[in-house]
Structures are given as structure tokens and as C-alpha cells.
């Protein structure tokens with residue numbers, strides 16, 4: 001199965017509401033690992049923000065699963081705006097994952113956009129890439145949302161990702177970042 005993944009970033013230190021507390025990273029990592037195994041994932045397609053994205057990419061790497069990363073802009077800018085701005089040592093993991101993915105030829109960086117929110121566009125491109133790989137490899141395609149289970153208003157890129165995946169007819173799995181019901 002080709003699995004498109006999107007989800008919450010780890011909460012900022014001053015987060016008003018817990019969506020992905022840093023203390024839940026190990027539990028989420030275990031749930032993502034189990035999901036990849038259970039689904040028989042052969043490829044993970046994701047962006048590479050701190051939290052859900054990097055956890056999925058790291059676990060896929062440990063399992064020898066192909067990883068395709070889609071970024072909305074240059075890797076250095078993305079690192080500053082979506083990786084190292086939250087608690088944890090995400091920058092080291094980001095650099096290692098992207099070095100591996102780039103060496104394998106599986107790093108996709110969007111060209112400059114004339115319109116649209118780059119994060120909304122990248123969510124759709126993740127799904128496009130997963131579907132394209134599924135067609136090329138004649139494999140099933142699914143999506144996984146790693147999140148707190150509740151839309152947070154507009155914009156909510158994870159919610160939009162899940163809605164778009166469902167609109168495209170993909171099965172969507174949910175891995176929760178809070179509570180005891182991690183699947």
C-alpha cells in the first residue's frame with residue numbers, strides 16, 4: 001500500500017490547546033509504526049514538518065519503506081518555518097531524513113506558486129503523488145491523519161487533507177495524538 005500521511009506538528013511551548021503534546025511523541029511513534037506494519041505500507045508520501053510527518057518518515061525508514069517527501073518551498077526555508085520552531089530536536093531528524101530521501105530521488109519541492117496557500121497546495125500534491133505511485137506500481141493507496149481528532153478552524157491543513165483524501169475515494173486511517181485511544 002502507498003500511504004499518504006499528514007498530521008499535527010508538535011505543540012508549541014505556549015500552545016493554548018493541546019493537539020500534540022511533546023510528551024506523546026513516543027506513543028504516537030509506536031502507533032505509526034504499528035499502522036505501517038498492519039497496512040503493509042511499501043511507500044509513505046508526506047511533507048516533513050516536526051511531529052506527525054517526521055515521525056511517519058522516520059518509522060518508514062526504520063522499516064525499509066520507500067519515502068517520498070513533498071515540500072512547499074526550499075528545504076532550508078521549510079526547516080526554519082515548520083521544523084525547528086517547536087520544542088524537540090527535530091532539526092537533526094529532518095536533515096537525516098531529507099538527505100536520505102534526496103539521495104534516493106524522492107524529494108519533491110514545489111515551484112513558486114502564483115496563487116493559493118502553499119500548505120493547502122502541498123496537501124493536495126501529497127495525495128497526487130501517492131495516487132500516481134499507486135497507479136505506476138499497481139498498488140492500493142490510502143491516507144493516514146495523525147491528529148487530535150478535531151478540526152481547529154480555518155485553516156486546518158490536517159482536516160483538509162483528510163477531507164480531500166475522502167473526496168478522492170481513499171480510505172482514511174486516524175492515529176490520535178492525544179488521549180488513550182491511539183490506534
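The values are calculated or read from the model by the stated rules, or taken from the named source; none is laboratory data. Every value quoted in this text rests on a predicted model; they were computed, and no experiment measured them. Don't worry about glycine lacking a Cβ; one is built from the backbone with ideal geometry, like all the others, and counts go over all protein chains shown.
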Quickly run through segment 40-53 and pick out the residues that are more than 16 Å from the chain's Cα centre (by Cα) and at negative phi.
none
Failed item in (1) in contact with a strand residue (DSSP E or B) (Cβ under 7 Å, 6 or more places away or on another chain); (2) not in a helix (DSSP H, G or I), with residue 14 passing the rest
(1)
Kindly indicate which of 34, 56, 60 is modelled with pLDDT of 95 or more, more than 15 Å from the chain's Cα centre (by Cα), closer than 22 Å to residue 161 by Cα and assigned to a helix (DSSP H, G or I).
34
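Outside any helix (DSSP H, G or I) and surrounded by 14 or more Cβ atoms within 10 Å (Cβ to Cβ): which single residue out of 173, 98 fits that description? Step through it out loud before you land on a result.
On the way: 98 fails: outside any helix (DSSP H, G or I).
Sole residue among the options that is outside any helix (DSSP H, G or I) and surrounded by 14 or more Cβ atoms within 10 Å (Cβ to Cβ): 173.
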Of the numbered conditions (1) in a loop (DSSP other than H, G, I, E, B); (2) in contact with a strand residue (DSSP E or B) (Cβ under 8 Å, 6 or more places away or on another chain); (3) at pLDDT below 95, residue 139 fails exactly one; give the number of that condition.
(3)
